[in-house]
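Taking it in order: structure first as structure tokens, then the write-up.
The values are calculated or read from the model by the stated rules, or taken from the named source; none is laboratory data. Worth saying up front: this structure is predicted, and the values here are computed from it rather than measured. Here the Cβ positions follow ideal geometry from the backbone for every residue, glycine too, while neighbour counts run over all protein chains shown.
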Amino acid sequence: MTESDPRQELDRFELREADPYHFELDRREFLGAGLLLTLFVAPEAAAQGSGIEARLHLGEDGTVTVLSGKIEEGQGARAEIAMAAAEELGVTLAEVRVVLGDTGRVPNDGITAGSRTTPSTIPAVRRACAAARSILTQSGHKSYAEMAKSGAKIAGSTPENVALKPVPEWRILGKSQPRPDSEGLVTGEHKFPSDIRRPGMLYGAVLRPPSYGAKLESLDLAPARKMAGVVAVRDGEFAGCAAPTSFEARQAVEAMGGGARWSSSKSATSSENLYEYLKRHQGRVRDNLKGEPAAAAGKRLKAEYRCAYIQHAPMEPRAAVAEWEDGRLTVWTGTSNPFSVRDALARAFSLNPALVRVFVPDFGGGFGGKHTGEAAIEAARLAKEAGKPVSLRWTRAEEFAWAYFRPAALIEVEAALEGGRITGWDFANFNSGAAALESPYRLAHTRHRYVECESPLRPGSYRALASTANNFAREAFMDELAAEAGQDPLEFRLAHLENERIRAVLEAAAERFGWRKRVAEKRPGRGVGLACGTEKNSVVAACAEVEIDAKTGAVRLVEIVQAYECGKILNPGNLRQQVEGCILMGLGAALRERIEFAGGQVTNGSFARYRVPRFADVPKIELVLLDRPDLEPIGAGETPILVVAPAMANAYFHATGQRARTLPLAAETAQVRRG
Amino acid sequence: MPVYRFTVNGRPHSVDAPASRPLLEVLREDLDLTGTKYGCGEGQCRACTVLIDGRPSASCVTPVRNAAGRNVTTIEGLAGAGGLTPVQRAFLEQQAFQCGYCTPGMVLGAAALLERTPSPSEEQIREGLNGHICRCTGYPRIVEAVQLAARLSKEAKSDD
Ligand code: FES
Ligand code: FES
């Protein structure tokens, strides 16, 4: 045997089970001529077939392609992955291509959610690329292209304990880098899922029930089928049409929908009686009791906070194109979860998942709202009926009614206060979730509960999950306690805070804002407030100034200074965008966003009635981004949203002397005015 | 069905369509110009902005009949032989997008704004673009990009 005999390679892998990498050499040509490396980056888990897998393709043309199951929805994953790869491979950004979210080619990285790309995918990509680099060095080839051309004879030993580039040696990571291929975004050439076109493609439309829970009792498809070029289908509760244009598809659905009979299902629950409903429909309780908060000495205070149902409302509504060919199904759609959508399609059509391929083109926003594949399944059902590819794009009204919502929250909190310190703490979240439920403050006797409730609207994840509601209630209540104790809200928090990282952002925000001076000033119609918080291991604090309109009582955010720390910063430009995005999205939820519903229908499902932030709402924003090269990088697309609402509510109190305990504040302040 | 004739990005087209069919859908589905986006269909978000005879218009609420005899410019037709326009270059330079779905509409809205007001103040930019929604929301960057675009346009003009 010669040294480069592939059989010898095989033996080597079998002998060295403890090796952290497992290579599968494959010269599949789908990425052009070259060498495909599959590396398992968590050896223990890989043994059970669940390791983090990284795939790299070394092209003979000199490009290196990273294949990842992550997706790009505007959060910056594509740039971050390209940067990590280029850094460790020792090539330029221009030489790296990133293929995302194609279940036919990429490893299953799970869902893109929970800010996991930065702490989990990025290290995997870096390790895989560092391994490739070390293979290159040992191979004696001058470039990856040359190594790929050499016929994939990887000789020598595989790298053990491959070293990642230390921060001081970074050339690409740690500096602002643009999103790869962003030119297509300004020329209109980039194809979002709703822009995909296939030969012979039809456009779809779906018949929706008149209210939640209504069941289709009878439907005559004939009025739709009479129309030229229209395909109509009913399959159980699903009914829809496909036609040469979406205009005709909508007309066809209207034509058949007029005669449809529905079982009526008129729910009496509405956004008006929502919180009473939640209280009356409790389920399982998660209860974490430490010490005896009920017996804590001191003065007891109690408050109740409420957060409305809100919606992500990404600019691109759900969309999918589905195509069947020889029993195989291919779908292009916008989802954070390509493999779970693939599996959902396989279940829906009783297919082997290997016969389903899901492509996720970089899509138009999600914010936690596109974890599912409704449009994909609907498009696939229409395409099956039509025998042609079908594009289904949800309308904005459908998105408002049939996507899922950030669950409403009812939060009850009670504390005991003695000698200016909290002696007992009892916090209960009803309905919205347990994220950031536990207090980051140093507290002796605590009880934290999450009470599941029957949700009248379809609940789902949303940027930072329930931590927005929990942090809003906690930070607003901390302010109430500080006032009761006669202390400055900043000092009161610091006195209860041990976490050095939270202290650091809190002090940084206060310092930049000029908190100590500004909180002492009293200006008519103006107030300042602050808040801090932590979730998913990053920490954030903000100081805000609001202005209250003397006539209408309307609240406006005038200025916000936000300090944020998420470990070592990978892409400062993108981080800034994510933090600003969180602030402005948080502003919408704090101020105006609220899903109104009654009789099983959303009653404000349009941008005219559900008001999202606009240019005119943008306050003066100042960011203090603390870089911690000594800490691992942490995902930053969610946590910065945590502090906007409580800082504003606290500023509202500072301005008016009234507590605002309900989000959105606009609803609260209107009530305060009414009476 | 009636036939409507109009120019899109300098090329004449005739389209056979019901009078009330939105121009947005004709552009995207009949003319394969998918750069123009649907965001709401109600004239509220301006993702669907096109220029009709130079004026920014919401193509989702513009029936195709209203385009008859007009010159329509979509994002695909904005850059001419000279390459990307100053607004496009500025958006790229500032990376004034996250998901980028609002970008084509923003770019056209900004181009029209700079046509009317070549040196807008920050206030004028916000006012001028207030009809556009960026849910991501990149408003601060977009304002910076429009300011940069104003400078780039001036340089381009003085080079002529
Ligand atoms: S899609 Fe036309 S304004 Fe929103
Ligand atoms: S960049 Fe996503 S909507 Fe503007």
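Taking segment A:589-616, which residues are β-branched (Val, Ile, Thr) and assigned to a strand (DSSP E or B)?
If the condition is that a residue be β-branched (Val, Ile, Thr) and assigned to a strand (DSSP E or B), then A:602 is the only one that fits.
Is there a residue in segment A:282-301 that is of a type outside the set (Gly, Ala, Ser), within 23 Å of residue A:98 (Cβ to Cβ) and in a strand (DSSP E or B)?
There is no residue in segment A:282-301 that is of a type outside the set (Gly, Ala, Ser), within 23 Å of residue A:98 (Cβ to Cβ) and in a strand (DSSP E or B).
Confirm whether residue A:560 is assigned to a strand (DSSP E or B) and either within 11 Å of chain B (Cβ to nearest Cβ) or within 19 Å of residue A:615 (Cβ to Cβ) (or both).
It is true that residue A:560 is assigned to a strand (DSSP E or B) and either within 11 Å of chain B (Cβ to nearest Cβ) or within 19 Å of residue A:615 (Cβ to Cβ) (or both).
Here's the yes/no breakdown for (1) closer than 30 Å to residue B:12 by Cα; (2) more than 13 Å from ligand 2 (Cβ to nearest atom); (3) in contact (Cβ under 8 Å) with a residue 60 or more places away in the chain:
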position: B:70; (1), (2), (3): yes, yes, yes
position: B:82; (1), (2), (3): yes, yes, no
position: B:95; (1), (2), (3): no, no, no
position: B:104; (1), (2), (3): yes, no, yes
position: B:107; (1), (2), (3): yes, no, no
position: B:132; (1), (2), (3): yes, no, yes
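Pick out the one residue from A:185, A:173 that is in a helix (DSSP H, G or I) and under 30 Å from the mean Cα position of the chain (by Cα).
None of the other options fit; the residue is A:185.
Mind listing just one residue for me: the one in segment A:333-392 that is over 17 Å from the mean Cα position of the chain (by Cα) and part of a strand (DSSP E or B) and, of those, farthest from residue A:196 (Cα to Cα)?
So the residue we want is A:356.
Please find, among B:43, B:39, B:10, B:35, the residue that is closer than 13 Å to residue B:69 by Cα and at pLDDT 95 or above.
B:10
Among residues belonging to segment A:569-596 that are more than 14 Å from every other protein chain (Cβ to nearest Cβ) and out of contact with any Leu (no Cβ under 6 Å at 6 or more places or on another chain), point out the one that is surrounded by the fewest Cβ atoms within 10 Å (Cβ to Cβ).
Once the filter is applied, the top-ranked residue is A:596.
Could you grab me the full set of residues in segment B:90-104 that are at positive phi and either assigned to a helix (DSSP H, G or I) or more than 8 Å from chain A (Cβ to nearest Cβ) (or both)?
Correct list: empty.
With the requirement that a residue be within 14 Å of chain B (Cβ to nearest Cβ) and touching a Phe, Trp or Tyr at 6+ places or on another chain (Cβ under 7 Å), what does segment A:343-361 give you?
A:361
Can you tell me which condition residue A:122 does not meet? The list is (1) surrounded by fewer than 22 Cβ atoms within 10 Å (Cβ to Cβ); (2) modelled with pLDDT of 85 or more, and all the others hold.
(1)
Tell me, which residue of segment A:612-636 that is more than 16 Å from ligand 2 (Cβ to nearest atom) and charged (D, E, K, R) is modelled with the lowest pLDDT?
Here the residue is A:632.
Residue A:138 passes all but one of (1) part of a loop (DSSP other than H, G, I, E, B); (2) modelled with pLDDT under 95; (3) surrounded by 14 or more Cβ atoms within 10 Å (Cβ to Cβ); which number fails?
Unmet for residue A:138, out of (1) part of a loop (DSSP other than H, G, I, E, B); (2) modelled with pLDDT under 95; (3) surrounded by 14 or more Cβ atoms within 10 Å (Cβ to Cβ): (1).
Would you be able to tell me the number of residues in segment B:27-55 that are small (Gly, Ala, Ser) and within 11 Å of ligand 1 (Cβ to nearest atom)?
Looking only at that region, the number is 4.
Hey, among A:382, A:345, A:351, which residue is free of Cβ contacts under 8 Å to residues at least 60 places away in the same chain and buried (at least 19 other Cβ atoms within 10 Å of the Cβ)?
None of the others qualify; the one that does is A:345.
Please go through segment B:8-32 and give me each residue that is facing chain A (nearest Cβ under 9 Å) and within 21 Å of residue B:133 (Cα to Cα), ordered by number.
Passing the criteria: B:22, B:25, B:28.
Evaluate the following for residue B:108: is it at pLDDT 95 or above, assigned to a helix (DSSP H, G or I), more than 9 Å from chain A (Cβ to nearest Cβ) and in contact with a strand residue (DSSP E or B) (Cβ under 7 Å, 6 or more places away or on another chain)?
Judged against the criteria, residue B:108 is a match.
Restricting to segment B:113-140, name every residue that is over 22 Å from residue B:41 (Cα atoms) and part of a helix (DSSP H, G or I).
Scanning segment B:113-140 gives B:113, B:114, B:115, B:116, B:122, B:123, B:124, B:125, B:126, B:140.
Give the residues of segment A:70-95 that are touching a Ser or Thr at 6+ places or on another chain (Cβ under 8 Å), crowded, with 24+ Cβ neighbours inside 10 Å and more than 14 Å from chain B (Cβ to nearest Cβ), sorted by residue number.
Residues satisfying the conditions are A:70, A:81.
Can you tell me which of B:64, B:87 is away from ligand 2 (no atom under 14 Å from the Cβ), touching a strand residue (DSSP E or B) at 6+ places or on another chain (Cβ under 9 Å) and more than 7 Å from every other protein chain (Cβ to nearest Cβ)?
Unique residue meeting the criteria: B:64.
Looking at (1) within 14 Å of another protein chain (Cβ to nearest Cβ); (2) surrounded by 13 or more Cβ atoms within 10 Å (Cβ to Cβ); (3) away from ligand 2 (no atom under 16 Å from the Cβ), which one does residue A:228 not meet, given that it meets all the others?
So the condition that residue A:228 fails would be (2).
Going by the structure shown, is residue B:63 within 16 Å of ligand 1 (Cβ to nearest atom) and surrounded by fewer than 24 Cβ atoms within 10 Å (Cβ to Cβ)?
yes
Checking residue A:398 against (1) within 14 Å of chain B (Cβ to nearest Cβ); (2) within 28 Å of residue A:328 (Cα to Cα): exactly one of these is not met. Which one?
The number of the failed condition is (2).
Yes/no per residue for (1) free of Cβ contacts under 8 Å to residues at least 12 places away in the same chain; (2) of a type outside the set (Phe, Trp, Tyr):
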| residue | (1), (2) |
| --- | --- |
| A:570 | no, yes |
| A:577 | no, yes |
| A:580 | no, yes |
| A:592 | no, yes |
| A:608 | yes, yes |
| A:611 | no, yes |
| A:615 | yes, no |
| A:623 | no, yes |
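With respect to residue B:112, is the statement that it is touching a residue at least 24 places away in the same chain (Cβ under 8 Å), within 16 Å of ligand 1 (Cβ to nearest atom), aliphatic (A, V, I, L, M) and more than 24 Å from residue A:191 (Cβ to Cβ) true?
Yes: the conditions hold for residue B:112.
Checking residue B:75 against (1) out of contact with any helix residue (DSSP H, G or I) (no Cβ under 6 Å at 6 or more places or on another chain); (2) away from ligand 2 (no atom under 13 Å from the Cβ), only one condition comes out false. Which one?
Looking at each condition in turn, residue B:75 falls short on (1).
Is there a residue in segment A:543-562 that is among the hydroxyl-bearing types (Ser, Thr, Tyr) and either within 28 Å of the chain's Cα centre (by Cα) or at pLDDT 95 or above (or both)?
No, every residue in segment A:543-562 fails to be among the hydroxyl-bearing types (Ser, Thr, Tyr) and either within 28 Å of the chain's Cα centre (by Cα) or at pLDDT 95 or above (or both).
Which of the residues that make up segment A:94-117 are hydroxyl-bearing (Ser, Thr, Tyr) and touching a Phe, Trp or Tyr at 6+ places or on another chain (Cβ under 7 Å)?
A:103
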